[in-house]
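The values are calculated or read from the model by the stated rules, or taken from the named source; none is laboratory data. None of these values were measured; they are calculated from a predicted model. All Cβ positions, even for glycine, are placed from backbone atoms using ideal geometry, and neighbour counts span all protein chains on display. When the accessible area is computed, the model is the full protein with side chains, heavy atoms only, and any ligands, DNA or RNA have been set aside. Shrake-Rupley method; radii C 1.70, N 1.55, O 1.52, S 1.80 Å.
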Amino acid sequence: MTSFKSDFLNVLSERGFIHQCTDAEALDTLASAGPITGYIGYDATASSLHAGHLVQIMLLYWLQKTGNKPIVLMGGGTTKVGDPTFKDTQRPLLTDEQIQSNMNGIKSVFNSFLNFGDGATDAIMVNNDDWLSGFGYIEFLRTFGTHFTINRMLTFDSVKLRLEREQPMTFLEFNYMLMQAVDFRELNSTYNCVLQMGGSDQWGNIVNGVELTRRLNQKAAFGLTTPLLTTASGAKMGKTVGGAVWLNADALSPYDYWQYWRNTEDADVGKFMRLFTDLPMDEIRRLEALQGVEINEAKKILADAATRLVHGEAAAATARDTAQKAFEQGVLSADLPTVEVARAELEAGIMLAALTTKIGLTQSNGEARRLAQGGGLRVNDTAITDGNQAVTLADLNADGVIKVAQGKKKIVLVKPV
RNA sequence: GGGGGAAUGUCCCGAGCGGCAAAGGGGGCGGACUGUAAAUCCGCUGCGUAAGCUUCGCAGGUUCGAGUCCUGCUUCCCCCA
């Protein structure tokens, strides 16, 4: 592994963030000379970012930690077009209202990772709608269209893939890469931003921005991408029982978030600690070397550190404590996910299958029944194989709740009200 | 403009002589084994307590019966112009 002069690239490099870089040497020289400004763009396609975005967020985190200025670019404008990169089909267009509300949801998570403000290395957040929407069509074409050739655009993998699979790509989507390039140029003009980062799938888009900036602004500009992340067994990252691993607490509770990291495969522990925590490298090297049962300790530390970054120290501690009680001591903690059910319903007796569906453990009664048959449902730690069995107030435990579990890891406390 | 093909189980791929709730994968979930891991093995994977109900691009039609045949429409692909 090459050694760099700048802290920034050294950290990224030893932690495994770097996949490709347009000119690592020149970027290193620049970064070692003084603070640089870099940005990453996020399109507002959902109301929360998820674990898949985390690598990129960590890039901004380290950028700031090593004395540089991060810009968070909200894709208010680009989301209106929709990024076609490596997608098979066009996604439905979002309305302005949806985009706005998604952006509001996404913004909050950055506060946990970055310090925003007016200082030299304080992070700022900008919205590309501010400049993109202002362009007239002809003006846009004349200003930027002349710098892109169709010949070149068609050679990008992101476009080629779609064409080779004989899937249509609309002209609208085809314009996305221009808009992203314009973003970089705009940020370079306004904030002297010299670096765009992103996932490896963004390489083509980033390179376009780098070239456009160099050409129009006659300034140095760099691009850097992170490797595509999969777990050691090849699965895509960021999925869990309930769906994506969201970063917003209202989309995924800190407890579930903690659980996600706790369940990391052995082989991924070191990699994840490098990428998703700020633990010192010495400690990571020590922890990832643990073997067998001992590596579970490392996983807890990983979960703690990762949760702390997103949800804060207190939430991480609570999550760990809750998990420890539930899994290691077999004790219930009041902090487990709790759902309130009308007392009257329990009094009358509610079918187990209906109950699990009601509290979100299953999607339909039929699914619940099948699950039960396979031994996947338990009430107060007793497996119930008949989904039609009634759950009543008699099932309340000493704490006045009913513990319903789907499998071994998904536990919900039912509380009568 | 002409000719030929394709759309299947609300995750993906993909079989399907007129009797099909629809083969097989992948993925996901559950169980066993373990260490809240991986690998492996087993089970489940449309809705309904049930009778039953609703699915194969959309709308009609033929038939006792249609994913399967006919007509029209939509979308996509290929070839010719």
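Screening A:LYS410 against (1) within 11 Å of RNA strand B (Cβ to nearest atom); (2) buried (at least 16 other Cβ atoms within 10 Å of the Cβ); (3) modelled with pLDDT of 90 or more leaves a single unmet condition, (3).
Scan A:GLY387, A:GLY375 and give me the residue that is near RNA strand B (Cβ under 8 Å from one of its atoms), crowded, with 20+ Cβ neighbours inside 10 Å and part of a loop (DSSP other than H, G, I, E, B).
Checking each option against the conditions leaves just A:GLY387.
Taken together, the criteria place A:ARG370 among residues that are open to solvent by 30 Å² or more (accessible area, probe 1.4 Å), part of a helix (DSSP H, G or I) and either farther than 26 Å from A:VAL331 by Cβ or among the basic types (Lys, Arg) (or both).
For the range A:260-293, the tally of residues that are in contact with a Ser or Thr (Cβ under 6 Å, 6 or more places away or on another chain), without any contact (Cβ under 8 Å) to a residue 40 or more places away in the chain and open to solvent by 30 Å² or more (accessible area, probe 1.4 Å) stands at 1.
Residue pairs whose Cβ atoms lie under 8 Å apart, sitting 6 or more positions apart in sequence or on different chains, and linking a residue in the range A:363-375 that is more than 11 Å from A:LEU352 (Cα to Cα) and among the hydroxyl-bearing types (Ser, Thr, Tyr) to a partner that is more than 6 Å from RNA strand B (Cβ to nearest atom) and assigned to a helix (DSSP H, G or I), are A:SER364/A:THR357.
Every condition in (1) open to solvent by less than 60 Å² (accessible area, probe 1.4 Å); (2) near RNA strand B (Cβ under 10 Å from one of its atoms); (3) part of a helix (DSSP H, G or I) holds for A:ARG320 except the one numbered (1).
For residues that are assigned to a strand (DSSP E or B) and either of a type outside the set (Gly, Ala, Ser) or under 20 Å from A:ALA344 (Cβ atoms) (or both), tally how many sit in the range A:390-407.
Count: 6.
Taken residue by residue, the range A:88-108 has no member that is touching a Lys or Arg at 6+ places or on another chain (Cβ under 9 Å), among the acidic types (Asp, Glu) and either within 27 Å of A:GLY270 (Cβ to Cβ) or surrounded by 20 or more Cβ atoms within 10 Å (Cβ to Cβ) (or both). For the range A:348-367, which positions are more than 7 Å from RNA strand B (Cβ to nearest atom) and open to solvent by less than 40 Å² (accessible area, probe 1.4 Å)? Of everything in the range A:348-367, those that are more than 7 Å from RNA strand B (Cβ to nearest atom) and open to solvent by less than 40 Å² (accessible area, probe 1.4 Å) turn out to be A:GLY349, A:ILE350, A:LEU352, A:LEU355, A:THR356, A:ILE359, A:LEU361, A:THR362. Beta carbons closer than 9 Å, at least 6 apart along the sequence or on distinct chains, pair a first residue in the range A:117-130 that is closer than 30 Å to A:TYR176 by Cα with a second that is part of a loop (DSSP other than H, G, I, E, B) and of a type in the set (A, V, I, L, M) for A:ASP122/A:LEU114; A:ALA123/A:LEU114; A:MET125/A:LEU114. Looking at the range A:288-303, can you tell me whether even one residue there is within 11 Å of RNA strand B (Cβ to nearest atom), of a type outside the set (Val, Ile, Thr), within 17 Å of A:MET58 (Cβ to Cβ) and touching a Lys or Arg at 6+ places or on another chain (Cβ under 6 Å)? Checking the range A:288-303: at least one residue is within 11 Å of RNA strand B (Cβ to nearest atom), of a type outside the set (Val, Ile, Thr), within 17 Å of A:MET58 (Cβ to Cβ) and touching a Lys or Arg at 6+ places or on another chain (Cβ under 6 Å). The one condition from (1) within 13 Å of RNA strand B (Cβ to nearest atom); (2) within 38 Å of the chain's Cα centre (by Cα); (3) open to solvent by 20 Å² or more (accessible area, probe 1.4 Å); (4) not hydroxyl-bearing (Ser, Thr, Tyr) that A:ASP399 does not meet is (1). Scanning the range A:12-42 for residues that are in a loop (DSSP other than H, G, I, E, B) and within 18 Å of A:CYS193 (Cβ to Cβ) returns A:THR22, A:ASP23, A:GLY34, A:PRO35, A:ILE36. From the list A:LEU59, A:LEU9, the one residue that fits, being part of a helix (DSSP H, G or I) and under 21 Å from the mean Cα position of the chain (by Cα), is A:LEU59.
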